[in-house]
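The values are calculated or read from the model by the stated rules, or taken from the named source; none is laboratory data. Because the structure is a prediction, the values reported are computed rather than measured. Cβ placement follows ideal geometry from the backbone for every residue including glycine, while neighbour counts extend to all protein chains displayed. Ligands, DNA and RNA are stripped out before the accessible areas are found, and what is left, the full protein with its side chains, is counted by its heavy atoms. Shrake-Rupley method; radii C 1.70, N 1.55, O 1.52, S 1.80 Å.
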Amino acid sequence: MADQLRKLRASDKANLLAWRNAPFVRQNVFHQSLITPEEHDKWLSSVLDSDDCCYFVFEADGVDCGVVGLSSIKPVHGRCEWGFYTAPTAPKGTATRMLSLALAQAFGPLGLRKVWAEVLGYNAASLRLHEKLGFVREGCLRQHHFINGTFHDVILLAKFSDDAGKTDLS
């Protein structure tokens, strides 16, 4: 069985809440407090009913291993923002495989020309991953996001469809 992205569905609710609340996910996202089941239900309903986002679950050999969301989709501008996380039990390399499929989806069927991301400056692993996938840094919002009593930089990255084949996957 091959890797695949499938549309997020309501039955993914329990897995996603557990993944979103995993300490290694929470330490690298903008909102780091534990998410209550009620907050999660509200979020899940909003993304399932949204016209400007697409969320996908990544399956590797039939096992759910992560989620990637394309949000703030602006067809007239041909762009979207993305965010992602993997399951605590996902094997090394899952994010690269998942995000490669998500880029193919964004630049293929969705017809977008730009995918952009905001990454906390201290999240070196995510910054390396984005660069490996061919994203370029577009800027830095210095001391922009307040977490646990400290302001943190936010790095802005983007990848364009013209550069879709340019990666540093090794």
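Here's a check for you: in the range 82-99, which residue that is out of contact with any helix residue (DSSP H, G or I) (no Cβ under 8 Å at 6 or more places or on another chain) and either open to solvent by less than 40 Å² (accessible area, probe 1.4 Å) or outside any loop (DSSP other than H, G, I, E, B) (or both) is farthest from residue 8 (Cα to Cα)?
93
One residue alone among 151, 146, 135 is more than 15 Å from the chain's Cα centre (by Cα) and at pLDDT 95 or above, and that residue is 151. The C-beta contact set for the range 64-78 (first residue over 30 Å from residue 90 (Cβ atoms), second residue open to solvent by 10 Å² or more (accessible area, probe 1.4 Å) and assigned to a strand (DSSP E or B), distance under 7 angstrom, 6+ apart or interchain) comprises 78/114. Select from the range 114-149 the residues that are of a type in the set (Phe, Trp, Tyr) and not in a strand (DSSP E or B) and write down the one among them that is most open to solvent (accessible area, probe 1.4 Å). The residue in question is 122.
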